[in-house]
1. Please pick out the residue among Ile246, Ile253, Ile226, Ile259 that is in contact (Cβ under 8 Å) with a residue 12 or more places away in the chain, within 15 Å of Ile284 (Cβ to Cβ) and among the hydrophobic types (A, V, I, L, M, F, W, C).
2. Listed residues Leu106, Leu121, Leu100; which is of a type in the set (A, V, I, L, M) and in a loop (DSSP other than H, G, I, E, B)?
3. Give region 26-47 a look and list any residue that's touching a Ser or Thr at 6+ places or on another chain (Cβ under 8 Å) and buried (at least 16 other Cβ atoms within 10 Å of the Cβ), or say none.
4. Considering only residues that are basic (Lys, Arg) and either in contact (Cβ under 8 Å) with a residue 40 or more places away in the chain or assigned to a loop (DSSP other than H, G, I, E, B) (or both), which ones fall in region 1-40?
5. Tally the residues that are polar (S, T, N, Q) and within 29 Å of Tyr327 (Cβ to Cβ), restricting the search to region 259-282.
6. Looking at (1) at pLDDT below 80; (2) not assigned by TED's automatic domain parsing to the domain that holds Glu230, can you tell me which one Leu135 breaks?
7. Would region 158-181 turn up any residue that is at pLDDT 75 or above and assigned to a helix (DSSP H, G or I)?
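The values are calculated or read from the model by the stated rules, or taken from the named source; none is laboratory data. Quick caveat, the model's predicted, so the values are computed rather than measured. Cβ: placed from backbone, ideal geometry, glycine included. Neighbour counts: every protein chain shown.
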Amino acid sequence: MISKDTILKKIASILLHAIFWVVVLFSYTYFFGYNTNDISYVFSFSLFLMPVTIGTTYAVTDILIPKYLINEKYILFIIYCIYTIIISTFFIVISFFYGLIFLSSLKYEGMAPMTRSPFFLFIAVYFVVFIASALNLAQHNYKSRTANQELKNRILEAQLKLKEQELNYLKMQIHPHFLFNTLNTLYGFALEKSDDTPEMILKLSNLLDYLLYQSDKPLVSLQEEINHIEDYVALEKMRFSDVLDISLQVENIKNTIQIAPMLLIPFVENSFKHGQIVDQKLSIYIHLKYIDNEIHFLIKNSIHSFTEKSKKGIGLNNIKKRLSLVYRDNHELTVLENQNWYTVQLILKNLKAPTNEF
């Protein structure tokens with residue numbers, strides 16, 4: 001069923017074409033009426049020339065341009081243009097004889113001055129064809145650009161949806177990984193019936209609140225992320241007791257600074273999970289500072305000398321992918337491993353306008 005909008009557009013198009021040809025008719029009457037007072041003759045001649053002009057114009061705009069020129073079939077376009085010129089010239093000559101025979105009774109002097117030359121008539125007709133063709137090409141160009149823009153928008157929208165799905169998938173992997181490690185710690189305390197278990201449950205509750213409700217936001221304040229890092233560190237201190245040697249330093253953090261949620265905690269989690277006890281101590285050093293519109297985050301954990309490099313699990317791999325999606329070119333991630341330390345350094349840049357998580 002044809003929609004109302006389609007019908008209205010069709011009516012509007014017909015009206016525009018009708019107005020255009022009425023303007024052409026009166027323009028012919030005006031120009032052919034130069035230096036003559038015989039308006040009846042000029043109007044009749046212009047009216048007779050109109051079908052030639054209309055036919056030639058639509059042949060060019062509706063057939064030659066869309067079928068051959070737009071499709072880059074230039075040789076065929078030139079050939080059919082020549083055919084069109086020949087046929088239209090034939091009818092233009094007929095128009096000349098119409099004016100000579102029927103309107104001026106074979107008296108050349110009785111013809112309006114501007115209609116006495118078939119060449120001038122040819123120029124008049126093809127001037128209209130040129131104007132109509134230019135408008136037609138402009139319309140095709142506009143529609144083409146609009147279609148290309150819509151296609152680009154659809155492609156971009158599809159890419160964004162794919163990236164959003166990938167990002168959500170990565171976050172779904174990070175969440176169970178994070179929760180599993182924390183619950184293991186709580187399980188150990190429960191087995192020992194430790195007095196610190198209620199406090200540990202409270203801190204875990206705060207972490208779960210952050211994990212379940214805050215991590216869906218595009219951005220959170222950096223201070224919130226730090227608070228939950230501190231909660232996580234407190235939980236691990238309870239688990240490791242005197243074995244843990246940890247330093248957490250934070251410098252120049254402003255309340256206005258925002259980052260993607262759950263971005264730094266997985267690094268801390270990995271340090272506890274993969275860090276190794278050396279000389280009866282698990283050593284972890286965390287340093288976070290804000291300087292020159294950048295966040296500098298450094299974390300390192302102790303490892304045994306000359307040990308085979310271990311796999312770091314899904315946590316670090318996922319956070320690398322997440323960084324590439326969220327911060328793209330606005331981050332630097334460096335991972336180093338030597339005989340004593342496993343070090344991760346992250347720099348987040350251009351924090352005044354970070355890339356949002358869709």
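1. Ile246
2. Numbers: Leu121 fails: in a loop (DSSP other than H, G, I, E, B); Leu100 fails: in a loop (DSSP other than H, G, I, E, B).
Answer to the check: Leu106.
3. Tyr28, Thr29, Phe32, Tyr41, Val42, Phe43, Phe45, Ser46
4. Matches in region 1-40: none.
5. In the first step, residues of region 259-282 are kept if they are polar (S, T, N, Q); the result is 270-271, 276, 280.
Of the ones still in play, those that are also within 29 Å of Tyr327 (Cβ to Cβ) are 270-271.
Qualifying residue count, region 259-282: 2.
6. Tallying (1) at pLDDT below 80; (2) not assigned by TED's automatic domain parsing to the domain that holds Glu230, Leu135 fails exactly one: (1).
7. There is no residue in region 158-181 that is at pLDDT 75 or above and assigned to a helix (DSSP H, G or I).
So that you can scan it fast, the table gives a plain yes or no per residue for (1) of a type in the set (Ser, Thr, Tyr); (2) under 14 Å from Gln345 (Cα atoms); (3) surrounded by 15 or more Cβ atoms within 10 Å (Cβ to Cβ); (4) assigned by TED's automatic domain parsing to the domain that holds Glu224:
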residue: Ala260; (1), (2), (3), (4): no, no, yes, yes
residue: His274; (1), (2), (3), (4): no, no, yes, yes
residue: Asp279; (1), (2), (3), (4): no, no, no, yes
residue: Lys289; (1), (2), (3), (4): no, yes, no, yes
residue: Ile295; (1), (2), (3), (4): no, yes, yes, yes
residue: Leu298; (1), (2), (3), (4): no, yes, yes, yes
residue: His304; (1), (2), (3), (4): no, no, no, yes
